[in-house]
Structure formats: structure tokens, C-alpha cells
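Nothing in this text is a laboratory measurement; each read-out follows from the coordinates by a stated rule. Please read these numbers as outputs of a predicted model, since none were measured by experiment. Here Cβ is always computed from backbone atoms with ideal geometry, including for glycine, and neighbour counts include all displayed protein chains.
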Amino acid sequence: MVKGRRKMAYQFSKGWYLRELKKMGINYHPQDKRKLENYKTYVVRNLYFQMVDRNK
């Protein structure tokens with residue numbers, strides 16, 4: 001792997017949603033206060049869409 005490059009996460013995969021939420025500064029679930037990595041994809045996806053709608 002080339003130094004300084006990250007592995008690619010496929011668009012709309014769990015890793016992609018996690019990366020986008022972390023760009024927004026969200027590392028923990030707003031209600032449960034647990035790391036986002038502990039949740040299933042559909043929970044992370046729904047949280048992402050809630051945050052995108054909130055930022056509009």
C-alpha cells in the first residue's frame with residue numbers, strides 16, 4: 001500500500017457511511033453514546049440521512 005493513501009470504502013457501504021459521519025464530527029451515536037462501529041449498517045445509514053437532512 002502506498003504511504004498516505006487510505007483503502008477505499010465502496011460508496012454506500014457501512015465503511016463509507018462511517019467515514020462520512022466522522023467527517024461531520026460524529027463518532028458516537030447521539031442517543032446511546034456508543035461507537036458507531038458497533039451498529040449494523042441500517043442504523044448507521046439512517047443516522048447519516050438524519051444528519052444530512054439536519055444540515056440542509
P(r) of the chain over all Cα-Cα pairs, 5 Å bins starting at 0, rounded to whole percent, reads 4, 19, 29, 23, 13, 7, 4, 1
Would you mind calculating the relative contact order of the chain from Cα pairs under 8 angstrom and at least 6 residues apart, reporting the percent as a whole number?
30 percent
Relative to the longest principal axis of the C-alpha atoms of the chain, give the angle of the C-alpha long axis of helix 41-54, reported between 0 and 90° and rounded to the nearest 10°.
70 degrees
Which trypsin sites (Lys or Arg not before Pro) in segment 2-54 sit in a loop by DSSP (not H, G, I, E or B) and have at most 16 other Cβ atoms within 10 Å of their own Cβ?
LYS3, ARG5, ARG6, LYS7, LYS33, ARG34, LYS40
Simple Cβ-charge dipole of the chain, Lys/Arg +1 and Asp/Glu -1, about Cα centre, in debye nearest 20
280 debye
Give the angle, between 0 and 90 degrees and rounded to the nearest 10, that separates the Cα long axis of helix 14-23 from the longest principal axis of the Cα atoms of the chain.
80 degrees
Any idea how far apart LYS23 and ARG54 come out in nm if each label point goes 7 Å out from Cα toward Cβ?
1.8 nm
Any chance you could run the full-extension gain for THR41 through MET8? It's 0.36 nm times the residue separation minus the Cα-Cα distance, nm to one decimal.
10.2 nm
